[in-house]
Amino acid sequence: MAVLVTGGAGYIGSVTVRALLTSGEKVFVLDDLSTGRPETADLLSGAGFIKGDFADRRLLAELFDRESIDAVLHFAALTLVAESVERPLDYFRANVSKTLDLLEAMTSHRIPHFVFSSSAATFGIAEVIPIDEEHPQRPINPYGWSKKAVEDWLPQIRKVGGPAYIGLRYFNAAGASADGLLGEVHSPESHLIPNVLRAALDGSALPIYGTDYPTTDGTCERDFIHVEDLAAAHLLALQALRRGHQSGFYNLGNGQAHSIRHVVETARAVTGRDIKVVESARRPGDPPVLVASSARIKSDLGWLPKREALDLIIADAWRFACAPRR
Ligand SMILES: NC(=O)c1ccc[n+]([C@@H]2O[C@H](COP(=O)([O-])OP(=O)(O)OC[C@H]3O[C@@H](n4cnc5c(N)ncnc54)[C@H](O)[C@@H]3O)[C@@H](O)[C@H]2O)c1
């Protein structure tokens with residue numbers, strides 16, 4: 001049996017590919033390298049790498065016919081919220097239409113298991129904290145809508161012979177592999193911790209968008225989950241599906257709220273650097289607080305985060321940020 005990982009040359013996908021290889025899985029990575037990096041693919045030498053689009057039907061048919069793939073872990077997507085507001089149709093095509101093409105190919109080739117990268121962005125503005133699986137899903141940007149659309153269609157496709165699925169709604173993925181080789185590189189980078197660490201490295205000022213939120217210190221609060229803990233959840237989801245576990249969705253975070261100011265202070269302590277900040281107005285579309293309840297995945301799949309501490313998450317991200325890169 002083998003596993004196909006779309007987007008395996010990206011941030012979360014690459015860390016998961018390595019965890020899959022370590023656990024003895026045979027892995028194929030399908031990535032068009034649109035945002036993933038060739039040097040990341042080179043680091044995953046135990047996996048078969050295929051450069052291509054995850055919705056390329058001919059490529060998928062040939063791969064599914066040739067290899068005994070029983071599961072697809074689907075990370076590939078467009079992921080930038082602000083860009084999704086400017087280019088909603090591109091986000092619909094890339095994240096929804098293409099995912100339906102992939103699911104169609106899986107259905108016709110009877111590939112039985114699908115693990116989907118969903119997002120806290122499907123919830124929109126939180127009404128209750130922590131956010132559990134029963135919380136209403138009202139996305140506030142096209143990126144969030146694109147993830148919710150796939151969530152909505154998965155049960156419909158399952159009913160007509162499509163794969164059993166587990167969708168994992170990540171909150172803020174952060175950190176890097178412990179060896180400092182696999183980590184977060186987006187362009188533009190919209191995620192907080194890499195931007196804080198860039199400010200630590202080059203002395204630029206980090207913008208803090210909004211200091212008048214109804215939170216402990218006026219800045220937004222987020223739930224950061226170590227990328228290795230996310231990878232572990234994917235392995236559990238895969239194993240559960242293979243055992244015949246029912247399809248469904250799980251929220252995935254640490255359940256701890258960290259304000260933007262607290263992240264900056266922790267990064268100052270971890271890096272020993274002065275980090276300049278510049279306070280700016282709120283950005284449209286930023287929910288004040290996003291914190292997950294992960295009680296369901298803990299009780300159903302036995303997931304337990306091992307790297308919850310924010311200073312550890314930042315220390316791993318810092319090691320990656322400081323590593324020489326090609
Ligand atoms: N990073 C987070 O905090 C976070 C939070 C919630 C959900 N997610 C979801 O997790 C997944 C992975 O996110 P990431 O941060 O690792 O992103 P990333 O940009 O680092 O990785 C995405 C990968 O997919 C590849 N890709 C994109 N379109 C493709 C296509 N059509 N065909 C083949 N490959 C393609 C890219 O080249 C890249 O390697 C995404 O689905 C994202 O929406 C991420």
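Values in this text are rule-based calculations from the coordinates and carry no lab data. Treat the numbers as computed from the prediction; the structure is a model and nothing was measured. Please note: Cβ atoms are built from the backbone with ideal geometry, for glycine as well, and neighbour counts cover all protein chains shown.
If the condition is being in a loop (DSSP other than H, G, I, E, B) and in contact (Cβ under 8 Å) with a residue 60 or more places away in the chain, then the stretch 286-315 contributes ASP286, PRO287, PRO288, VAL291, SER293, GLY302, TRP303, PRO305, LYS306, ARG307, GLU308.
Residue check: SER204 meets all listed conditions (1) surrounded by fewer than 15 Cβ atoms within 10 Å (Cβ to Cβ); (2) under 23 Å from ALA41 (Cα atoms) but one, namely (2). Step by step: first the residues of the stretch 187-196, then only those that are more than 13 Å from the chain's Cα centre (by Cα) and either more than 10 Å from the ligand (Cβ to nearest atom) or not polar (S, T, N, Q) (or both), then the one that is surrounded by the fewest Cβ atoms within 10 Å (Cβ to Cβ). Which residue is that? It comes out as PRO188. Looking only at residues of the stretch 117-167 that are within 11 Å of the ligand (Cβ to nearest atom) and polar (S, T, N, Q), we find that the one that is nearest to ASP101 (Cα to Cα) is SER146.
Of everything in the stretch 233-256 that is buried (at least 20 other Cβ atoms within 10 Å of the Cβ) and among the small types (Gly, Ala, Ser), the residue that is nearest to ARG18 (Cα to Cα) is ALA233. Among the residues making up the stretch 225-244, those that are within 14 Å of PHE114 (Cβ to Cβ) and of a type in the set (A, V, I, L, M, F, W, C) are ALA237, LEU238, ALA240, LEU241. Within the stretch 130-159, work out how many residues are more than 19 Å from LEU80 (Cα to Cα), among the hydrophobic types (A, V, I, L, M, F, W, C) and buried (at least 17 other Cβ atoms within 10 Å of the Cβ). Looking only at that region, the number is 3.
Looking only at the stretch 197-233, residues that are out of contact with any strand residue (DSSP E or B) (no Cβ under 9 Å at 6 or more places or on another chain) and part of a strand (DSSP E or B) come to 0 in all.
Looking at GLU184, is it surrounded by 21 or more Cβ atoms within 10 Å (Cβ to Cβ), within 18 Å of the chain's Cα centre (by Cα) and in a loop (DSSP other than H, G, I, E, B)? So GLU184 fits the description; yes. Being assigned to a strand (DSSP E or B) and either within 15 Å of the ligand (Cβ to nearest atom) or buried (at least 20 other Cβ atoms within 10 Å of the Cβ) (or both) is the requirement here; does ALA173 meet it? It is true that ALA173 is assigned to a strand (DSSP E or B) and either within 15 Å of the ligand (Cβ to nearest atom) or buried (at least 20 other Cβ atoms within 10 Å of the Cβ) (or both). Exactly one condition in (1) closer than 22 Å to LEU80 by Cα; (2) free of Cβ contacts under 8 Å to residues at least 24 places away in the same chain; (3) of a type in the set (S, T, N, Q) is false for SER259; which is it? Every listed condition holds for SER259 apart from (2).
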